Amino acid sequence: MNPKNLTVPASEPLLTITGLRVRFRNRDRDAVAGVSLSIGRGEIVGLVGESGSGKTVTAMSVAGLLPRKRCDYAGTIHLDGVELLHADRRTLRRIQGRSVGVVFQDPLSCMDPLMKVGAQVEETLLLHTDLSKAERRRAALEALAAAELPDPERVYASWPHELSGGMRQRACIAAAMVSRPALLLLDEPTTALDVTVQAQILALLKKLNRENGISMLFISHNLGVVRKLCTRAAVMSQGVIVEEGDTERIFHYPRHPYTRRLIDAIPKRPGRRESA
């Protein structure tokens, strides 16, 4: 055990992005213009910015989903010592799903409507492991249960359209987590959900981080949501990170005008003031 007042030396970051630049060939400016960012093991980092700021392109670069034939790119991305930005397709296929899981904003559009939920949760295991059919099914049911889906057996046998939006997002989280990746990329995963379900998903992510030690990059346009989940945040505007640091420090003492505008855009409850 470690006493609470004992400082533990920081380990090497799990993910290190250095000088990332991406420009799509039909655009006249960089989508990402020299981003450097790191994520420690077991750390949840928020990447905040409005649409078009470059945060999703940054995540796509980490996930190996960058359309390389349609853009120019430079810099490095290291995940647990493996360079991803310039890696060949074989290396990326080995990393995708197994070492990096991805959860997108709209679960319905990301799920195959012609494939049952259980088969979609198992897909990564089918590609990256030698587990038997029974073992894959068992792992998928465990992942659905870990994502706090009621009656995992029923969800496993359901079609995506038979689930609510919150349940579909939980199923997507289960699919991303089933192979126990080291890093989870979450691109606006709560934006399409109502406030109550959003809070449940954030609580689930905290629980998965706490119990599994998985690192997360949480992308959002809402600094208020990031504050609820992330210990550290980076604010992105026009392809660059304009501010980075402890989430509470950024929220209470923003240094950049753009960060202040993001904070001012957070909906306030009538008659309620944020405590300092």
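The values are calculated or read from the model by the stated rules, or taken from the named source; none is laboratory data. Because the structure is predicted, anything quoted here is derived from the model rather than measured. No Cβ is skipped: glycine too gets one built from the backbone with ideal geometry, and neighbour counts run over all protein chains shown. Just the protein is used for accessible areas: all its heavy atoms, side chains included, with ligands, DNA and RNA removed. Shrake-Rupley method; radii C 1.70, N 1.55, O 1.52, S 1.80 Å.
Quick notes on this one:
- Near pairs, Cβ below 6 angstrom, 6+ apart or cross-chain, from the stretch 26-52 (within 11 Å of Arg232 (Cα to Cα)) to any residue that is among the basic types (Lys, Arg) and buried (at least 16 other Cβ atoms within 10 Å of the Cβ): Val45/Arg232; Leu47/Lys55
- Figure legend. Inter-residue proximity from the stretch 105-132: first residues in contact (Cβ under 8 Å) with a residue 24 or more places away in the chain and small (Gly, Ala, Ser), second residues outside any helix (DSSP H, G or I) and open to solvent by 40 Å² or more (accessible area, probe 1.4 Å), beta-carbon distance below 8 Å, spacing 6+ or different chains. Indicated pairs: Gly118/Ala157.
- For the stretch 110-133, the set of residues classified as open to solvent by 40 Å² or more (accessible area, probe 1.4 Å) and assigned to a helix (DSSP H, G or I) consists of Cys110, Ala119, Glu123, Leu126, Leu127, His128, Lys133, listed by residue number.
- Checking each residue in the stretch 193-242 for being open to solvent by 10 Å² or more (accessible area, probe 1.4 Å) and within 30 Å of Asp28 (Cβ to Cβ) picks out His221, Asn222, Ser237, Gln238, Val240, Ile241, Val242.
- Test for Val178: is it out of contact with any Ser or Thr (no Cβ under 9 Å at 6 or more places or on another chain) and surrounded by 17 or more Cβ atoms within 10 Å (Cβ to Cβ): no
- Within the stretch 258-276, residues that are open to solvent by less than 90 Å² (accessible area, probe 1.4 Å) reach no partner that is among the hydrophobic types (A, V, I, L, M, F, W, C) and at pLDDT below 85 with beta carbons closer than 8 Å at six or more positions or on different chains.
- Residue within the stretch 74-91 that is of a type in the set (Ser, Thr, Tyr), open to solvent by less than 70 Å² (accessible area, probe 1.4 Å), farther than 23 Å from Glu211 by Cβ and at pLDDT below 95 present: yes
- The lone criterion from (1) touching a helix residue (DSSP H, G or I) at 6+ places or on another chain (Cβ under 6 Å); (2) within 30 Å of His78 (Cβ to Cβ); (3) without any contact (Cβ under 8 Å) to a residue 24 or more places away in the chain left unmet by Ala145 is number (2).
- Residue count for the stretch 157-189 under the criterion of being in a helix (DSSP H, G or I) and touching a residue at least 40 places away in the same chain (Cβ under 8 Å): the result is 12.
- Restricting the stretch 92-109 to residues that are open to solvent by less than 50 Å² (accessible area, probe 1.4 Å) and under 16 Å from Met167 (Cβ atoms), the residue that is nearest to the chain's Cα centre (by Cα) is Val103.
- Verdict on Leu66 being modelled with pLDDT under 95, in contact with a Phe, Trp or Tyr (Cβ under 9 Å, 6 or more places away or on another chain), closer than 19 Å to Phe218 by Cα and open to solvent by less than 80 Å² (accessible area, probe 1.4 Å): yes
- Among the residues listed as Arg154, Arg136, the single one being modelled with pLDDT of 95 or more, assigned to a helix (DSSP H, G or I), closer than 25 Å to Ala192 by Cα and open to solvent by 30 Å² or more (accessible area, probe 1.4 Å): Arg154
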